[in-house]
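In what follows, a structure is listed as structure tokens, so that the remarks can point back to it.
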Amino acid sequence: MRSACFTGHRRLNEDSTILSQRLYDILEKYLTDGLTDFFIGGAVGFDTVAALTVLKLKEKYPFIKLHLVLPCPPEEQSKYWSDSDRRQLFEIVSAADSVEQTAPHYNSDCMRKRNARLVEGAEICFSYYNENKPYNENKPRSGTGQTVRMAQRKDIEVINLYR
């Protein structure tokens, strides 16, 4: 079993359908190298695109697994989301092969724990990360950047799809 994690911005700067097709094509190539397990954090934006893309791949390759790693219960995570984003999250939760939470309730550390869990067993990290955003070590600007740095510190290959 080989596994990958996904991390990315909530706001996409390209059409999600085009991004999903690009990701589909890339992931399909990695399946031939034995990649079977995909860990995704369940946020809006890139996480949603990645989860829906893995589910689409699963139709053709039923042996692959989608694992959701949520920072807290989905009801709390999506509390301030739009109705359509919330519905989509619950559809993904229902279709996932496994769902775990890094905290029983939202707290100040649950996102960092979720990000650490995503990279824990990953061999590859697929990201959608604008590397040109300013970074302040004392106040990281994004969970995406935090997750990418965690992966890099563990010498995990990071494939950035941001354009």
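The values are calculated or read from the model by the stated rules, or taken from the named source; none is laboratory data. Remember, it's a predicted structure, so these values are computed and weren't measured experimentally. Virtual Cβ from ideal backbone geometry, glycine too; neighbours counted across all protein chains shown.
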**Selection status of Asp85, touching a residue at least 40 places away in the same chain (Cβ under 8 Å) and of a type in the set (Asp, Glu)** = yes
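Working carefully through the options Thr36, Thr32, Thr102, find the one that is over 13 Å from the mean Cα position of the chain (by Cα), surrounded by 16 or more Cβ atoms within 10 Å (Cβ to Cβ) and among the β-branched types (Val, Ile, Thr).
The conditions single out Thr102.
Quick grid of which residues meet (1) touching a helix residue (DSSP H, G or I) at 6+ places or on another chain (Cβ under 7 Å); (2) in a helix (DSSP H, G or I); (3) farther than 27 Å from Arg22 by Cα; (4) not hydrophobic (A, V, I, L, M, F, W, C):
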site: Leu55; (1), (2), (3), (4): yes, yes, no, no
site: Lys79; (1), (2), (3), (4): no, no, yes, yes
site: Gln88; (1), (2), (3), (4): yes, yes, no, yes
site: Ile92; (1), (2), (3), (4): yes, yes, no, no
site: His105; (1), (2), (3), (4): yes, no, yes, yes
site: Glu131; (1), (2), (3), (4): no, no, no, yes
**Message:** Residue under question is Lys79, and the condition is that it be of a type in the set (D, E, K, R) and surrounded by 15 or more Cβ atoms within 10 Å (Cβ to Cβ); does it hold?
**Reply:** no
**Item:** Residues that are surrounded by fewer than 16 Cβ atoms within 10 Å (Cβ to Cβ) and either touching a Pro at 6+ places or on another chain (Cβ under 7 Å) or not in a helix (DSSP H, G or I) (or both), drawn from the range 107-120
**Value:** Asn107, Ser108, Asp109
**Request:** Considering each residue of the range 131-145, count those that are buried (at least 17 other Cβ atoms within 10 Å of the Cβ) and either at pLDDT 95 or above or touching a His at 6+ places or on another chain (Cβ under 8 Å) (or both), and give that number.
**Result:** 1
